[in-house]
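Scroll down for the structure; my scribbles are underneath it.
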Amino acid sequence: MRRVLLVGNPNVGKSAVFNRLTGARVIVSNYPGTTVEFTKGKMRVGSEAAEVIDLPGTYSLEPTSKAEEVAFKALDELGEGDVIVNVVDSTNLERSLGLTLQLMKYRKPMVVALNLWDEARHTGVTIDAALLEQTLGVACVPLVALTGEGVKVLVESISRPRVPTFEYEDSTRWDEMARIVGKVQVVAHRHHSLMERLGDVSLKPFTGALIALLVLGASFETIRLIGEGLIGHVFEPFFERVWAPLMLRLSGALGSGGFLHDLLIGKLSNGKIDYGESFGLLTTGLFVPFGAVLPYVFAFYLVLSLLEDSGYLPRLAVLLDRFMHVVGLHGMGIIPMLLGLGCNVPGALAGRIVESERERFICTTLMAIAVPCMAQIAMVVGLAGRHGALALAMIFGTLFLVWLVLGAILNRTLRGESPELVLDVPPYRIPYLRGLLKKVWMRVASFVREAVPFVLAGVFLANLLYVLRIVDLVGQIAAPVIVGVLGLPQEAAGGLVMGFLRKDVAVGMLMPLHLSFRQTVVASVVLAVYFPCVATFAVMLRELGVVRMLKASAIMVATALVTGGLLNLVLWATLG
Amino acid sequence: MTRTVSLAEMKEGREGIVRELAGGLAFTRKLEAMGLRLGTKVMKTSGSPLRGPVTVRAGNMQLALGYGMASRVMVEIQVEERGRRDA
């Protein structure tokens, strides 16, 4: 099959073009490095099907980073009939053309997509596309991939691409480029726009820090408000008033007991359904993902998507750069951490945004250990909330300390140095509402599709663990650690075993134990730190390889024991 | 009168022209590919304390560079002639 390769600088909108060409849905954001894997899809070119490949962004074809190597290799493997679609940022023609000229050396059929055409116009950049086309000898198509303007012409051009005719000496590449840009582009003089001023203010240390506090504070409050609001006004009323009576009736129909009853409904407390304690597939199994977790997942992704699409995240990366160097990462290391707060799986994947193997190890390990996912956070809020805000502050404060101290230790002990930040800071953009909502929907849908089956499996397994008395067995074997070191009741073994599969269900299994303040804090922290859930583990294994994953696992277990033990001691000493 | 300073030393808000990329081939190539070349007109938009990163604007784009890199990008700036005390 014929292949269509999307190549371009980071953050020029390749993924948006990909979505337009294939009708697929991949995540599009406003920061360089959103796409770290290469994504494949199908499109129709003329009467045949073609494979479209969305490559990670690259500034040049001299492979200096992993992403660039990927692009380099894919280009080398180009065959007969394959087409290069070079996506160009019209607002930054000069930089984009550097790559275009390098691509021309391949002498392959090619099309240039002049993306962000509308933004270029707004910023006073006029490009003579026809003249550029004449000069380069390949079709140059003005495009607004986000809204779809120009896509038809692009698809047509892809069906009859031309081999570039433009020739130049390698040593004169920049001169040639400057000459072409001078010929085809006119830039109107203009004053800095309000958005630009705002952009600069949010980069300067003092004002930037104030804005960051404001943005993060507002984000936190928004997530809390939406999450709590949805639970209080929509999900809890539904589960209490509609679903619970229904389940009670089903319970009666099933004879109020027996294997099937206990599996579906679980145990009733005082003849009522208690979603925290029943542990039936249709009660706790549905309440955990939909009643407790989904509202927060939705709220989190709404806020995260806003931050991503506005272009704030790269600015946060610049502001935090100096601080992130304490843990051996540069500023962009904050992105995997933020994504990990939603779900550790995309967080682990985003580890590729940092360049070196060393950084990727630190980044992925720290994220897996000290960044709890939204599902876990939501459940911890439910569990520890009973003991008040102090318990929550201690749990998340401890996790932050673990992140900081462990990161600093890894940075000191691992050989090598971490590279410096080199980052293209995109302009602020007003998020395109339809795109934003689509992205939130994609993420929520993927939670429902991928996480909910795991939660149900987890609740099923929890029943099995109790029925087969595995919890007792593990509890007895691990008692020296669980009871002795961590100060938890032996039954907490159930939650710790479940944590390997699904952290939210694991926290749920702690609910019926009625833990004390100290136990709640210790258990919540240990559950976050000791090991990633199976889905995250699989991705980490792929990203790090067996040896490094073993190393990471050893660090996790050791950190959990040390942190949990210390925390238990400190709390015991201060609270008794 | 002009003077050459590094991006790291340059004052916030000042403009200048890149005259030298004082580093190895990988460094030069990376910056060139990202749009920072000899002759590029830049304006420093921010610096940060404790040898934190520096940001510059060039045309429609804005780049952030770590302090070490910024101190190897040499920029020619205009300086006013002042303090000439001679007759």
2 or more residues among the small types (Gly, Ala, Ser), out of contact with any strand residue (DSSP E or B) (no Cβ under 9 Å at 6 or more places or on another chain) and surrounded by fewer than 17 Cβ atoms within 10 Å (Cβ to Cβ): qualifying helices (runs of 4 or more DSSP H) within segment A:192-256: A:205-230, A:244-253
Quick one: is A:Gly475 under 21 Å from A:Gly382 (Cβ atoms), modelled with pLDDT under 95 and not acidic (Asp, Glu)? no
Checked segment A:76-93 for anything surrounded by fewer than 20 Cβ atoms within 10 Å (Cβ to Cβ) and either within 11 Å of chain B (Cβ to nearest Cβ) or of a type in the set (A, V, I, L, M) (or both); matches are A:Leu78
Among the numbered criteria (1) in contact (Cβ under 8 Å) with a residue 12 or more places away in the chain; (2) within 14 Å of chain B (Cβ to nearest Cβ), which single criterion is violated by A:Glu62? (1)
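Every residue, every condition in (1) among the charged types (D, E, K, R); (2) under 30 Å from A:Thr123 (Cβ atoms), yes or no:
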| residue | (1), (2) |
| --- | --- |
| A:Asp200 | yes, yes |
| A:Gly208 | no, yes |
| A:Ala218 | no, yes |
| A:Ile226 | no, no |
| A:Arg241 | yes, no |
| A:Phe259 | no, no |
| A:Ile265 | no, no |
Residues of segment A:36-54 satisfying the condition of being among the acidic types (Asp, Glu) and closer than 17 Å to A:Val12 by Cα: A:Glu37, A:Asp54
Taking the options A:Thr147, A:Thr172, A:Thr123, A:Thr165, name whichever one is of a type in the set (S, T, N, Q), farther than 30 Å from A:Lys42 by Cα and away from chain B (no Cβ under 12 Å). A:Thr172
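Rundown of residues vs (1) modelled with pLDDT of 95 or more; (2) more than 13 Å from every other protein chain (Cβ to nearest Cβ), yes/no style:
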| residue | (1), (2) |
| --- | --- |
| B:Val5 | yes, yes |
| B:Arg19 | yes, yes |
| B:Ser71 | yes, no |
| B:Glu80 | no, yes |
| B:Gly83 | no, yes |
Qualifying residue in segment B:53-67 (condition: more than 7 Å from every other protein chain (Cβ to nearest Cβ) and surrounded by fewer than 17 Cβ atoms within 10 Å (Cβ to Cβ)): no
Subset of segment A:389-443, residues closer than 21 Å to A:Gly347 by Cα and of a type in the set (S, T, N, Q), comes to A:Thr398, A:Asn411, A:Ser418
Given (1) more than 12 Å from the chain's Cα centre (by Cα); (2) within 11 Å of another protein chain (Cβ to nearest Cβ); (3) part of a loop (DSSP other than H, G, I, E, B), B:Leu38 misses just (1)
Return a yes/no flag: does segment B:13-25 have any residue that is assigned to a helix (DSSP H, G or I) and either closer than 20 Å to A:Thr172 by Cβ or touching a Ser or Thr at 6+ places or on another chain (Cβ under 8 Å) (or both). yes
Within segment B:42-52, which residues are out of contact with any Ser or Thr (no Cβ under 7 Å at 6 or more places or on another chain) and either at the interface with chain A (Cβ under 7 Å from one of its Cβ atoms) or within 30 Å of A:Trp117 (Cα to Cα) (or both)? B:Val42, B:Met43, B:Lys44, B:Ser48, B:Pro49, B:Leu50, B:Gly52
Name the residues in segment A:3-52 that are at pLDDT below 90 and under 15 Å from A:Ser157 (Cα atoms), would you? A:Arg44, A:Val45, A:Gly46, A:Ser47, A:Glu48
Filter result (charged (D, E, K, R) and within 21 Å of the chain's Cα centre (by Cα)) within segment A:409-449: A:Asp424, A:Arg429, A:Arg434, A:Lys438, A:Lys439, A:Arg443, A:Arg449
Considering every residue within segment A:293-311, establish whether at least one is within 14 Å of chain B (Cβ to nearest Cβ) and within 16 Å of the chain's Cα centre (by Cα). yes
Which of (1) within 24 Å of A:Gly328 (Cα to Cα); (2) outside any strand (DSSP E or B); (3) touching a residue at least 24 places away in the same chain (Cβ under 8 Å) is the odd one out, the single condition B:Ser48 does not satisfy? (3)
Only one of (1) charged (D, E, K, R); (2) surrounded by 15 or more Cβ atoms within 10 Å (Cβ to Cβ); (3) over 28 Å from the mean Cα position of the chain (by Cα) does not apply to A:Arg179, and that is (2)
Considering only segment A:220-227, I want to know if a residue exists there that is modelled with pLDDT under 95, at negative phi and of a type in the set (S, T, N, Q). no
For segment A:413-451 the number of residues that are β-branched (Val, Ile, Thr) and more than 15 Å from A:Gly342 (Cα to Cα) is 4
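Kindly evaluate A:Glu156 against the criterion of being away from chain B (no Cβ under 14 Å), part of a helix (DSSP H, G or I) and more than 28 Å from B:Leu25 (Cα to Cα). Explain how you work it out, then say what you get.
Values: away from chain B (no Cβ under 14 Å): yes; part of a helix (DSSP H, G or I): yes; more than 28 Å from B:Leu25 (Cα to Cα): yes.
When the stated conditions are applied, A:Glu156 passes them.
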Under the condition of being buried (at least 24 other Cβ atoms within 10 Å of the Cβ) and assigned to a helix (DSSP H, G or I), which residue from segment A:318-330 is farthest from the other protein chains (Cβ to nearest Cβ)? A:Leu319
Limited to segment A:401-445, what total is found for residues that are within 14 Å of another protein chain (Cβ to nearest Cβ) and of a type in the set (S, T, N, Q)? 1
Limited to segment B:4-35, what total is found for residues that are of a type in the set (D, E, K, R), under 12 Å from the mean Cα position of the chain (by Cα) and farther than 18 Å from B:Thr55 by Cβ? 2
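Check A:Gly291, A:Gly333, A:Gly276 and return the single one that is at pLDDT below 95, part of a helix (DSSP H, G or I) and either out of contact with any Asp or Glu (no Cβ under 7 Å at 6 or more places or on another chain) or of a type outside the set (Lys, Arg) (or both).
A:Gly291
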List, please: which pairs have Cβ atoms under 8 Å, are six or more places apart or on different chains, and start with a residue in segment A:191-207 that is closer than 17 Å to A:Leu319 by Cβ and within 11 Å of another protein chain (Cβ to nearest Cβ) and end with one that is modelled with pLDDT under 85 and part of a helix (DSSP H, G or I)? none
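The values are calculated or read from the model by the stated rules, or taken from the named source; none is laboratory data. Remember, predicted model here, so these are calculated numbers, not experimental data. Cβ coordinates were reconstructed from backbone atoms using ideal geometry, including for glycine residues, and neighbour counts include every protein chain displayed.
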